[in-house]
Amino acid sequence: MKKIAVFASGSGSNFQAILDAQLDAEISLLVCDKPQAFCVERAKKAEVPTFVFQAKEYASKEAYELEILHALKEHGVELIVLAGYMRLIGTTLLQAFEGKIVNIHPSLLPAFPGKDAIGQALEAKVKVSGVTVHYVDAGMDTGPIIAQRAIELNEDETKESLQTKIHRIEHELYPKVIQGLLQ
Ligand code: GRF
């Protein structure tokens, strides 16, 4: 079975959806840069090993990514799934896992990359936004697109209501796309 690492920084509801989907893969490691994040609790509950770190304790991105790389190798990880990981992936990981890192982003890329994509979409008053799963390259949400789903916005859409809609779609889409990548 293919071994997957999930990278997250927050609640980890997508991580949970991936766990619950029981893919033909082993979720071998959770990498998290926020020791207090709820995704760490989810990993413990599911008995998934964790690598938790704080970037400020390292001299550089390269320094912490070398440690992440070590943990990934130790666990035999073949595919990296970013699920709300709030850091740009650096050259160390990109070179070691070329074409083997995917991300999910809460907009129809290339629209609204970067932080607060949901807020950006509301600000722009778009009628349609959505979710994108894409390969990760050195840019901010710029890699080749694998799958997208559109979501219509209501007149009275709020950040919370759009967030809920987006999560619902993400939890269905991301496990499916990952399963497809395992073949
Ligand atoms: C998701 O909306 C994802 O698109 C974005 O970060 C959010 C993570 O949510 N990259 P969660 O931690 O999986 O609940």
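The values are calculated or read from the model by the stated rules, or taken from the named source; none is laboratory data. These numbers come from a predicted model, not from an experiment. Glycine also receives a Cβ, built like all others from the backbone with ideal geometry; neighbour counts cover every protein chain displayed. Areas reflect the complete protein model, heavy atoms only, side chains present, ligands, DNA and RNA absent. Shrake-Rupley method; radii C 1.70, N 1.55, O 1.52, S 1.80 Å.
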Identify the residue in the stretch 149-176 that is closer than 12 Å to Ser129 by Cβ and under 15 Å from the mean Cα position of the chain (by Cα) and, among all such residues, is least open to solvent (accessible area, probe 1.4 Å).
-> Ile166
Residue check: is Gln36 farther than 26 Å from Ile166 by Cβ and open to solvent by 20 Å² or more (accessible area, probe 1.4 Å)?
-> no
Inside the stretch 123-142, the number of residues satisfying the requirement of being surrounded by 18 or more Cβ atoms within 10 Å (Cβ to Cβ) and not polar (S, T, N, Q) is 6
Number of positions in the stretch 56-93 that are open to solvent by 30 Å² or more (accessible area, probe 1.4 Å), among the aliphatic types (A, V, I, L, M) and more than 16 Å from the ligand (Cβ to nearest atom) = 3
Qualifying residue in the stretch 124-141 (condition: within 15 Å of the chain's Cα centre (by Cα), polar (S, T, N, Q) and farther than 15 Å from Ala83 by Cα) = no
Using beta carbons and a limit of 8 Å, which pairs, at least six apart or on different chains, have the first residue in the stretch 83-111 and closer than 11 Å to Val133 by Cα and the second one among the polar types (S, T, N, Q) and open to solvent by 50 Å² or more (accessible area, probe 1.4 Å)?
-> Pro106/Gln163; Ser107/Gln120; Leu108/Gln148; Leu109/Thr142; Leu109/Gln148
Six or more apart or on different chains, Cβ under 7 Å: which pairs go from a residue in the stretch 117-134 that's in contact (Cβ under 8 Å) with a residue 24 or more places away in the chain and of a type outside the set (Val, Ile, Thr) to one that's outside any helix (DSSP H, G or I) and away from the ligand (no atom under 16 Å from the Cβ)? Could you list them?
-> Lys127/Glu152; His134/Pro144
Hits in the stretch 1-19 (condition: more than 9 Å from the ligand (Cβ to nearest atom) and surrounded by fewer than 19 Cβ atoms within 10 Å (Cβ to Cβ)) = Met1, Lys2, Lys3
Flag for Lys44 being open to solvent by 50 Å² or more (accessible area, probe 1.4 Å) and either closer than 26 Å to Arg168 by Cα or part of a loop (DSSP other than H, G, I, E, B) (or both) = yes
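Report yes if some residue within the stretch 20-33 is open to solvent by less than 10 Å² (accessible area, probe 1.4 Å) and in a loop (DSSP other than H, G, I, E, B); otherwise report no.
Narrowing the stretch 20-33 to residues open to solvent by less than 10 Å² (accessible area, probe 1.4 Å): 28-33.
Okay, now just the ones that are also in a loop (DSSP other than H, G, I, E, B), so 33.
Yes, the conditions are met somewhere in the stretch 20-33.
Listed here are the residues, each with its yes/no results for (1) of a type outside the set (A, V, I, L, M, F, W, C); (2) under 30 Å from Asp156 (Cβ atoms).
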residue	(1), (2)
Ala71	no, no
Ala96	no, no
Lys100	yes, no
Ile104	no, yes
Leu108	no, yes
Lys125	yes, yes
Here the residues within the stretch 133-161 that are within 14 Å of the ligand (Cβ to nearest atom), in contact with a Gly (Cβ under 9 Å, 6 or more places away or on another chain) and over 27 Å from Leu94 (Cβ atoms) are Ile151, Lys159
Pairs, first farther than 13 Å from Gly119 by Cβ in the stretch 155-167, second away from the ligand (no atom under 12 Å from the Cβ) and in a helix (DSSP H, G or I), C-beta under 9 Å, six or more apart = none
